[in-house]
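Read-outs throughout are calculated quantities, based only on the coordinates presented, and are distinct from any laboratory measurement. Given the structure is predicted, the values throughout are model-derived calculations rather than measurements. Every residue, glycine as well, gets a Cβ built from its backbone with ideal geometry; the counts of neighbours run over all protein chains shown.
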Amino acid sequence: MATEPVNVNEFQELARRVLPKMYYDFFAGGAEDEHTLKENVKAFSRISICPRIFIDVSQIDLSTSILGHHISMPVMIAPTSYHKLAHPEGELATAKAAAACKTIMMLSFSSTSTLEEVAASCTAVRFFQLYVMKNREVSAWLVQRAEKSGYKAIVVTVDTPKLGRREADIKNKMIAPQLKNLEGFMSTEVVNDKGSGPEAFANNNFDASFCWKDIDWLKSITKLPILIKGVLTHEDASRAVEVGVDGIVVSNHGARQLDYAPATISVLEEVIFFFILINPFSLGEDPLEYST
Ligand SMILES: Cc1cc2nc3c(=O)[nH]c(=O)nc-3n(C[C@H](O)[C@H](O)[C@H](O)COP(=O)(O)O)c2cc1C
């Protein structure tokens, strides 16, 4: 690329050129046929933006609040794994960017820096993303550490009872890096010469039985607000209200989990419509905030 990249597509192309294929494929790929991966992009391209004219836009304020935290724009950093595979500064650089942009960073369970290191490195409001493990003690220990380190919410990812079948990772025999948050408690090294290391680790350790009733357990171990990430239907949004979580993240996990799931943006309207129906006067103020 002759000039500095100016948009995310150009950054992606740059990443493709400089990263080892195994890592690039991990970051860029989706599950199985990658049907949903393509749909995620196509669905955005089907949305057009209709401008209204003669409005004074000399001062623009995009700021909003999420769970009471004021942020500069309705854009946050979703939890993504293994940042150090892309850059030596890893999650610390991402956290610095979140602070500079005055937005919220959700730190992945699968980070390559510890949650304490990230907390010490920046002033950004941080949420901690959790996969609930078969060994509940490990999950409780992580939640307590997040609470102690000043994270402001626990985001439980609920679309990953098993890791999505990511065929590129299987072919590349993707090697999972050490998960820093688990260091000292358990080894995350997986020798899996048959396929994807991350898939083997997740399938050995994530609790595929975790379901609605277990939200009570989570509430019993933390005072932090609880968000569930991976909701795609109004039925599940309704259930989330019933079990009393503090927020939902509408998401198909970047098409990395269930292939042929709908594009996230295409179901957002349905889910938001449900909230308007149950609470017509409080859009934007309700404790259940809306995001993808
Ligand atoms: C490389 C990569 C790693 C990801 N790692 C995680 C993760 O560790 N935990 C998680 O909950 N979501 C993870 N995600 C999903 C993102 O948080 C986010 O949901 C996705 O990129 C955007 O799709 P959505 O708009 O459907 O949410 C990852 C996504 C990518 C691309």
Handout entry: Percent breakdown of C-alpha pair distances by 10 Å bin, ordered from the shortest bin, for the range 100-255
Key = 10, 38, 37, 15, 0
Exercise for the section: Go through the range 194-252 and name the trypsin sites (Lys or Arg not before Pro) that are in a DSSP coil and have 12 or fewer other Cβ atoms within 10 Å of their Cβ. Expected result: Lys194, Lys223
Problem - Lysine pairs within the range 78-186, Cα separation less than 25 Å, 8 or more sequence positions apart or different chains - result: 23
Exercise for the section: Taking every Cα atom in the range 103-156, find the radius of gyration and the maximum pairwise distance Dmax, and write them in Å. Expected result: 10.4, 33
Exercise for the section: Rounded to the nearest 0.05, what FRET efficiency do Val75 and Lys194 give with R0 = 30 Å and r taken as the Cβ-Cβ distance? Could you check? Expected result: 0.15
Fill in the blank from the handout: Taking only the Cα positions of the range 185-244, the convex hull volume per residue in Å³ is 125 Å³
Exercise for the section: Multiply the residue gap between Glu116 and Ile53 by 0.36 nm, knock off their C-alpha separation, and tell me the result in nm, one decimal place. Expected result: 17.9 nm
Practice task
Rounded to whole Hz and in sequence order, give me ³J(HN,Hα) for the range 238-254 from the Karplus expression 6.51 cos²θ - 1.76 cosθ + 1.60, θ = phi - 60°, writing x for Gly and Pro.
Solution key: 5, 4, 4, 5, 4, 7, x, 7, 8, x, 10, 10, 6, 6, 10, 6, x
Handout entry: Inter-label distance, nm, simple model (7 Å from Cα along the C-beta direction), Ser209/Phe11
Key = 4.1 nm
Problem - Coarse-grained scattering of the chain at q = 0.07, 0.13, 0.14 Å⁻¹, given as base-10 log I(q)/I(0) from a Debye sum over alpha-carbon atoms - result: -0.27, -1.00, -1.18
Exercise for the section: List the longest stretch of the chain that has no exposed loop site; here a site is one of the chymotrypsin sites (Phe, Trp or Tyr not before Pro) assigned by DSSP to anything other than H, G, I, E or B, with at most 16 other Cβ within 10 Å. Expected result: 55-184
Handout entry: Interchain or long-range residues, amide H under 5 Å from Met133's placed H
Key = Ser139, Asp207
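Translational diffusion coefficient of the range 197-281 at 10 °C, 1.306 mPa s, Stokes-Einstein with Kirkwood Rh over Cα pairs, in µm²/s as a whole number.
Numbers: Rh = 14.5 Å.
It diffuses with D of about 110 µm²/s by this estimate.
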Handout entry: Base-10 log of normalised Debye intensity for the range 232-280 (one unit scatterer per alpha-carbon) at q = 0.19, 0.20, 0.22 Å⁻¹
Key = -0.62, -0.68, -0.80
